[in-house]
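The values are calculated or read from the model by the stated rules, or taken from the named source; none is laboratory data. Every value quoted in this text rests on a predicted model; they were computed, and no experiment measured them. When we count neighbours, we look across all protein chains shown, and the Cβ atoms used for this are built from the backbone with ideal geometry, even at glycine. Only protein heavy atoms, including side chains, enter the accessible area calculation; ligands, DNA and RNA are left aside. Shrake-Rupley method; radii C 1.70, N 1.55, O 1.52, S 1.80 Å.
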Amino acid sequence: MKSYLAAAIQMTSQPDLEKNLIEAEELIDLAVRQGAELVCLPENFAFMGEEQDKITQAEAIAQKTEKFLHRMAQRFQVTILGGGFPILVEGTQKVYNTALLIDPNGKELARYYKVHLFDVNVPDGNTYRESSTVMAGKELPPVYHSDTLGTLGLSVCYDVRFPELYRYLAQQGAEVLFVPAAFTAYTGKDHWQVLLQARAIENTAYVIAPAQTGNHYGLRHTHGHAMIIDPWGMVLADAGDQPGVAVAEIDPARLAQVRRQMPSLEHRVF
Ligand SMILES: O=C(O)CNC(=O)[C@H](CS)NC(=O)CCC(=O)C(=O)O
């Protein structure tokens, strides 16, 4: 593992695939110009709209988005995380909420189907029933061991509330945890940063958390604050509440230092 720059992209995705992919490309370009070698897109980067519209367009979204990720990785010669987009589950009317990691040659390194689905009545009056259109993944997320970028662990959004998933990733050697998200504005203001810092601190790992921000359609507002957090829990970069990028250094020397200073991973009893 070497020292390198990573980017957490922040978008306001709409119910418009083509528009979102153009916007994503511009932000990837911006991140690469700032020197990022690992570029991470948020959950729903390709499409954010009514559940039913997502299902109707699922085939096109899945096909075009997967191609887009391969094309971007190759064109910009970076590793890309596509933080969450729908892929139809054969023989059903449901999709997997899927995160893909692609290398600069366009090769797929890792794939994860979101396990925890957001079926929550948020006190602001919005009701979320992700399980009405999404099939829950049944397997723990993968880690990918990269010689240059370190050991990378996948997850998506609502997963961040389930610490056992990240402890599993840490046990598999994860040094960098991805949490691509579309956190609601209401829960995000109180929980987003706290949860991310907790996952970083308790696993002494970097957290890269790309995010959705602003108003998408109807009453859907997301929290923003795409960020990168170091293994001590320090926020290294925060994209605020507008579309953009948060860029920060992922440094193996810092990781080793924190794991020396706070060896809690080695003191686990259970
Ligand atoms: O809002 C939308 O339209 C799109 N959102 C999503 O796709 C996903 C599943 S519904 N959002 C979350 O998981 C939010 C979790 C969250 O906000 C929390 O855990 O508090």
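Some notes on this structure:
- Each of residue 164 and residue 25 was given a label point 7 Å from its Cα along the Cα-to-Cβ line. The distance between the two points is 4.4 nm.
- For the pair residue 257 and residue 171 in one chain, pulling the backbone fully straight at 0.36 nm per residue adds 29.1 nm over the alpha carbon distance.
- For the range 102-174, applying the loop criterion from DSSP together with a ceiling of 13 other beta carbons within 10 Å to the trypsin sites (Lys or Arg not before Pro) yields 107, 138.
- Backbone N within the range 9-31 under 14 Å of label point (7 Å from residue 50 Cα along the Cβ vector): 15-16
- Here's the picture: a label point sits 7 Å out from the Cα of residue 18 along the beta-carbon direction, and within the range 43-60 the residues with their amide nitrogen under 15 Å of it are 60.
- Taking all Cα pairs closer than 8 Å and separated by 6 or more residues, the relative contact order of the range 4-267 comes to 20 percent.
- With both labels modelled 7 Å from their Cα along Cα-to-Cβ, the residue 194 to residue 33 distance reads 3.8 nm.
- For the cross-link pairs 2/138; 94/189; 54/138; 64/94; 2/67, the ones whose C-alpha atoms lie over 26 Å apart are 2/138; 94/189; 2/67.
- Chain lengthening between residue 129 and residue 60 when straightened (0.36 nm per residue, less Cα-Cα): 22.6 nm
- For the chain, the fraction of 1.4 Å probe accessible surface lying on carbon and sulfur atoms is 51 percent.
- Exposed loop sites here are GluC sites (Glu not before Pro) assigned a DSSP state other than H, G, I, E or B and surrounded by at most 10 other beta carbons within 10 Å; excluding them, the longest clear run of the chain is 140-270.
- Proximal aspartates and glutamates relative to residue 107, as straight alpha-carbon distance under 15 Å, when same-chain residues fewer than 8 apart are discounted: 66
- Summing charges over neighbours of residue 55, with a neighbour being any other residue whose Cβ is under 15 Å away from its Cβ, gives -3 when K and R count +1 and D and E count -1.
- Förster radius 25 Å - calculated FRET efficiency between residue 268 and residue 139, Cβ distance, rounded to 0.05: 0.65
- Largest to smallest accessible area among 13, 132, 146 [probe 1.4 Å]: 132, 146, 13
- Placing pseudo-labels 7 Å out from each Cα toward the beta carbon at residue 219 and residue 74 gives an inter-label distance of 4.5 nm.
- Taking the C-alpha atoms of the chain, convex hull volume expressed per residue in Å³: 114 Å³
- Where N is the number of residues in the range 105-224, Cα Rg divided by 2.2 N^0.38 Å: 1.10
- In plain terms, the chain from residue 122 to residue 92 could stretch by 8.0 nm, reckoned as 0.36 nm per residue minus the Cα-Cα distance.
- Of 87, 22, 102, the residue with the greatest mean-square motion in the GNM of the chain, using alpha carbon springs below 10 Å, is 22.
- Mean Cα-pair separation over length for the range 127-270, i.e. relative contact order, pairs under 8 Å, 6 or more apart, %: 17 percent
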